[in-house]
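Just below is one structure, and these are the notes that go with it.
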Amino acid sequence: MEPVPFSPPSITNLEIERVLATLRSGWLTTGPATREFEQKFAEAVQAPAALAVNSCTAALGLALRLHNVGPGDEVITSTLTFTSTVNVIEHTGAKPVLVDVLPDTLNIDPQAVAAAITPQTKAVIAVHYAGLPADLGRLRPLCKRHGLALVEDAAHALPAEFKGCPIGAGDNLAAFSFYATKNLATGEGGMLTGEAALIEQARSLSLHGMSRNAWNRYGAKGQWRYDVVDAGFKCNMGDLQASLGLAQLERLDAMQTRRRQLFTAYDQAFAAHPALETPSRADGDGHALHLYVLRLREPLCSSPGRDAFIEHLRNAGIGVSVHFIPVHLHMYYREKYGYKPDDFPVAYANFERMFSLPLSPAHTDEQIERVIATILAAAETHLRRAA
Ligand SMILES: *Cc1c(COP(=O)(O)O)cnc(C)c1O
């Protein structure tokens, strides 16, 4: 049987036609499609303003730059994230200060953030893990009280809501990802949302620090003369990606409906199983349903253990992944900051027993049924062996 891929992209004729139209338009780089994508995205998440860039990593880097994070500063974030959240802190010369996550949601622990604040702390990056918003109700006032910038790593959080308010609609900066596996995919791409003034500054920084509207300098009405007002970066999005993004944005509601069906099918299949733990969910929790993270309970997490369980699934043609290897376990961070696995016991213990299931609008019912049957059969096999 054909393997079930972990996260195939959902691409229809709409995406293909939009990209072809851009190819035929005579304009490939940042232009009308990118501007339209920014406007429609901002409307979709009720953001004050939005800037399209070439990755979420770039958006996070711009956010730290806009908050003047640099050498001598500290930035707090959770260890259970993709390395890019922490790499961007390193790039500024500031010190990343990792904290643990909450055992149920696996989101950043606000109490751990409070305990990690020092006079050097400049910002907090809150990751909305798997698509479930972090506790902004506690993080926002905490950051305000200490004069800290709050940046949201919203790579998983499209579309997500915290207490009825869309992620991206706040005054603070939020960074979204359109990487191939994310809820809205352009292959590579990202979006930074926030207040209009900051977003305009980010726009210049995303294109070498050139003065405004420099992107249009090759157009018919473009000006050849520009000024460079900062030593900026080069991380603007092009119109090919943006036209793909526009088509995906039109289909986002439909894709989310499909995600919800698959999420519910997994919940129903696994919720009552004594050795499997389904993701923490509540009605109206605003979850973007990006990842379905299943956790093994005893005795499965000891025998065969997560790694062998994954191997079993892979041999059966089921593509799974792990989100994430905690950042403090990676060599660079371990060696530079002397971290031990148990420094963040909740993240470490949960990492050791988690894996993420195939979850894409492109999956068929048959594929998801096979994933469910294979996992249940694997659990039974190993439980019988353990007994
Ligand atoms: C995917 C991801 C990123 C990086 O996104 P890119 O668009 O690939 O740069 C950042 N943070 C988290 C939590 C992610 O999952």
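The values are calculated or read from the model by the stated rules, or taken from the named source; none is laboratory data. All values reported here derive from a predicted model rather than from experimental measurement. Cβ coordinates were reconstructed from backbone atoms using ideal geometry, including for glycine residues, and neighbour counts include every protein chain displayed. Only protein heavy atoms, including side chains, enter the accessible area calculation; ligands, DNA and RNA are left aside. Shrake-Rupley method; radii C 1.70, N 1.55, O 1.52, S 1.80 Å.
Descriptive notes on the structure:
- Ala180 being at pLDDT 95 or above, within 16 Å of the ligand (Cβ to nearest atom), at negative phi and buried (at least 19 other Cβ atoms within 10 Å of the Cβ): no
- Hey, Ala157 over 30 Å from Asp239 (Cβ atoms), touching a residue at least 12 places away in the same chain (Cβ under 8 Å), among the hydrophobic types (A, V, I, L, M, F, W, C) and within 16 Å of the ligand (Cβ to nearest atom) or not: no
- Test: residue in region 115-122 that is in contact with a helix residue (DSSP H, G or I) (Cβ under 8 Å, 6 or more places away or on another chain), over 30 Å from Lys40 (Cα atoms) and open to solvent by 10 Å² or more (accessible area, probe 1.4 Å): yes
- Residue count for region 90-113 satisfying the condition of being part of a loop (DSSP other than H, G, I, E, B) and of a type in the set (Lys, Arg): 0.
- Residues located in region 9-34, provided they are of a type in the set (Lys, Arg) and surrounded by 15 or more Cβ atoms within 10 Å (Cβ to Cβ): Arg18
- Of all residues in region 123-163, those satisfying the criterion of being among the charged types (D, E, K, R) and surrounded by fewer than 22 Cβ atoms within 10 Å (Cβ to Cβ) are Asp135, Arg138, Arg140, Lys144, Arg145, Glu161, Lys163.
- Residue match in region 201-215 (condition: open to solvent by less than 30 Å² (accessible area, probe 1.4 Å), within 16 Å of the ligand (Cβ to nearest atom), under 28 Å from Arg281 (Cα atoms) and of a type outside the set (D, E, K, R)): no
- Residue match in region 86-101 (condition: more than 15 Å from the ligand (Cβ to nearest atom), surrounded by fewer than 19 Cβ atoms within 10 Å (Cβ to Cβ), closer than 30 Å to Glu277 by Cβ and among the charged types (D, E, K, R)): no
- Out of Ala269, Ala275, sole residue that is out of contact with any Lys or Arg (no Cβ under 7 Å at 6 or more places or on another chain) and open to solvent by less than 60 Å² (accessible area, probe 1.4 Å): Ala269
- Qualifying positions in region 314-333 - open to solvent by less than 40 Å² (accessible area, probe 1.4 Å) and more than 20 Å from the chain's Cα centre (by Cα): Gly317, Ile318, Tyr333
- Tally, over region 55-82, of residues that are within 20 Å of Val113 (Cβ to Cβ), open to solvent by 20 Å² or more (accessible area, probe 1.4 Å) and near the ligand (Cβ under 9 Å from one of its atoms): 1
- All conditions but one from (1) farther than 27 Å from Pro5 by Cα; (2) aromatic (Phe, Trp, Tyr); (3) out of contact with any strand residue (DSSP E or B) (no Cβ under 8 Å at 6 or more places or on another chain) apply to Tyr339; the one that does not is (3).
- Region 227-256 residues that are farther than 24 Å from Ala362 by Cα and without any contact (Cβ under 8 Å) to a residue 24 or more places away in the chain, paired with ones that are open to solvent by less than 20 Å² (accessible area, probe 1.4 Å) and not β-branched (Val, Ile, Thr) (beta carbon under 6 Å, 6 or more apart): Val228/Gly209; Val228/Met210; Ala231/Gly209
- The numbered conditions (1) open to solvent by less than 60 Å² (accessible area, probe 1.4 Å); (2) free of Cβ contacts under 8 Å to residues at least 24 places away in the same chain are all true for Gln261 except (1).
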